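Engineer: So that we are looking at the same thing, I have put the structure below in structure tokens.
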Amino acid sequence: MRRWFWLALLALVTLVAPARAQERLNVVASFSILADLVRNVGGNGVNVAMLVGPEGDAHVYRPNPADARKVAEAKLLFINGFGLEGWLPRLVQSAGGKATIVTATDGVTPLKLGSAPDPHAWQSVANAKIYVANIRDALAAASPANATAFRANADSYLAELDALDSEVRQAVATISEAHRKVISTHRAFGYFAAAYGIEFIAPVGVSTESEPSARDIAGIITQIKKAKIPAVFLENVSDPRLIQRISEETGARIGGTLYSDSLTAEKGEAPTYIAMVRHNIKALTSALGH
Ligand code: ZN
């Protein structure tokens, strides 16, 4: 009888020990696209909270008390960097806590707009792969017990991103070169343009904060007419009225919505990074392709 007791206790201990190694790491990502990348690498080993949620605009975000709590409880805080999260230093200071800040763009070559880096680096899939490598290394360092799982998750996700990159290239190849020009609201697709060879013209600057002048808009309208640009696009983070007006004045049709800085909720058109890139490329090819 007594031996059974000890055996049962031993079995219980061996069951509990690996469960403890799988304790989830509390991490925070500054915005929805980054949170999705972290979830893909972290899998069951992490609880991912985010600050700027789906359909949110990271350029002009105002943190709330719940954000401060998330940061205070986190072991790692993943940020994009390149000036996207101007509101972050104050939040971290007021939140306290001991979160290590991990900058996902470390190692990405920035595109410059004047002296400032363009923050939208994730719009090139090759850059997203650098984000994933940084996330993998930070998670493995913070939770060595789960490092093997993080590396395996990262490997399979990186393979999906390779396939996605080829998909984008194949899709762009179906658009005739003369048609590889689009208008979007703010300058969020510079890295996409550089990587895949579609030209984006935007009346609003690199941050959604700035407002275009009447002269900027007139300039764009002239450009659209002269270059016979066939389509203009709305963005989920920008006011649609400007693009609607440009469409009316030029006859360029609205080719749909591009997701630039933010994912949609689960049931929307772009609930993950991969779904976002696929949605954008489909919108572009159906508006520009022949
Ligand atoms: Zn943006």
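Engineer: Using modelled backbone amide H atoms (1.01 Å from N, in-plane), which distant-in-sequence or interchain residues come within less than 5 Å of Leu113's amide H?
Structural biologist: Asp118
Engineer: If you take the beta carbon distance between Val60 and Lys228 as r and set R0 to 35 Å, what does 1/(1 + (r/R0)^6) give as a FRET efficiency, to the nearest 0.05?
Structural biologist: Efficiency for this residue pair is about 0.55.
Engineer: Using packing as a proxy for protection, rank 136-145, 110-119 so that the peptide with the highest average count of other Cβ atoms within 10 Å comes first.
Structural biologist: The packing order, highest mean first, is 136-145, 110-119.
Engineer: With angles folded into 0 to 90 degrees, how steeply does helix 241-250 sit against the dominant principal axis of the chain? Use alpha carbons for both and round to 10.
Structural biologist: The answer is roughly 30 degrees.
Engineer: What is the set of long-range amide H partners of Leu258 at a cut-off below 5 Å, with H atoms built 1.01 Å from backbone N?
Structural biologist: Sorted by chain and number, the residues that satisfy this are Leu234, Glu235, Asn236.
Engineer: Here's a follow-up. Classify the chain: rounded, prolate or oblate, from the alpha-carbon gyration tensor (a ≥ b ≥ c, eigenvalue square roots; a/c under 1.5 rounded; otherwise prolate if a/b is larger than b/c)?
Structural biologist: Prolate is the answer for the chain, as a/c is 1.5 or above and a/b outweighs b/c.
Engineer: Chymotrypsin sites (Phe, Trp or Tyr not before Pro) within region 108-195: which are DSSP loop residues with at most 13 other Cβ atoms inside 10 Å?
Structural biologist: none
Engineer: Nearest 5 percent is fine: what portion of the DSSP beta bridges confined to the chain is antiparallel?
Structural biologist: Counting only bridges with both partners in the chain, antiparallel ones make up about 10 percent.
Engineer: Describe numerically, in nm with one decimal, the distance between label points set 7 Å from Cα along Cα→Cβ at Ala147 and at Ala133.
Structural biologist: For the pair Ala147/Ala133, the computed spacing is 1.8 nm.
Engineer: Answer with one residue from Ser176, Gln123, Leu164: the one whose Cα lies farthest towards the positive end of the charge dipole of the chain, charges on Cβ with Lys, Arg +1 and Asp, Glu -1.
Structural biologist: Leu164
Engineer: With runs of 4+ DSSP H residues as the only contributors, calculate the mean residue ellipticity of the chain at 222 nm using -39,500 (n - 2.57) per run, divided by the residue total and rounded to the nearest 500.
Structural biologist: About -15500 deg cm²/dmol.
Engineer: Want the number for Ala126 to Glu177: 0.36 nm per residue separation, take away the alpha-carbon distance, what's left?
Structural biologist: Gain in length upon complete extension: 16.1 nm.
Engineer: Where does each of 29-36, 163-170 land if you order them by average Cβ count within 10 Å, highest first?
Structural biologist: 29-36, 163-170
Engineer: Still on this structure: Could the peptides 218-231, 75-88 be put in order, highest first, of the mean number of other beta-carbon atoms found within 10 Å of their residues?
Structural biologist: So the peptides 218-231, 75-88, ranked by packing, come out 75-88, 218-231.
Engineer: Further, regarding this structure: Taking the 0 to 90 degree range and rounding to the nearest ten, how far is the long axis of helix 2-21 tilted relative to the main principal axis of the chain, both from C-alpha atoms?
Structural biologist: With rounding to tens, the tilt is 20 degrees.
Engineer: Mind sorting Asp216, Asp155 by how few other Cβ atoms lie within 10 Å of their own Cβ, fewest first?
Structural biologist: Ascending Cβ contact count within 10 Å gives the list Asp155, Asp216.
Engineer: Would you mind telling me the antiparallel percentage of the DSSP bridges in region 24-168, rounded to 5?
Structural biologist: 15
Engineer: Still on this structure, please answer the following. Could you give the size of the charge dipole of region 24-168 about its Cα centre, using +1 on the Cβ of each K and R and -1 on the Cβ of each D and E, expressed in debye and rounded to the nearest 20?
Structural biologist: The calculation lands at about 640 debye.
Engineer: Still on this structure, I have one more. Output the 0 to 90 degree angle, nearest 10, between the alpha-carbon long axis of helix 273-288 and the longest principal axis computed from the alpha carbons of the chain.
Structural biologist: Once rounded, one gets 20 degrees.
Engineer: Using unit Cβ charges (K, R positive; D, E negative) and no other charged atoms, how large, in debye to the nearest 20, is the dipole of the chain about its Cα centre?
Structural biologist: 540
Every number in this text was worked out from the coordinates using simple rules, so none of it is lab data. No experiment lies behind these values; they were computed from the predicted model shown. Glycine also receives a Cβ, built like all others from the backbone with ideal geometry; neighbour counts cover every protein chain displayed.
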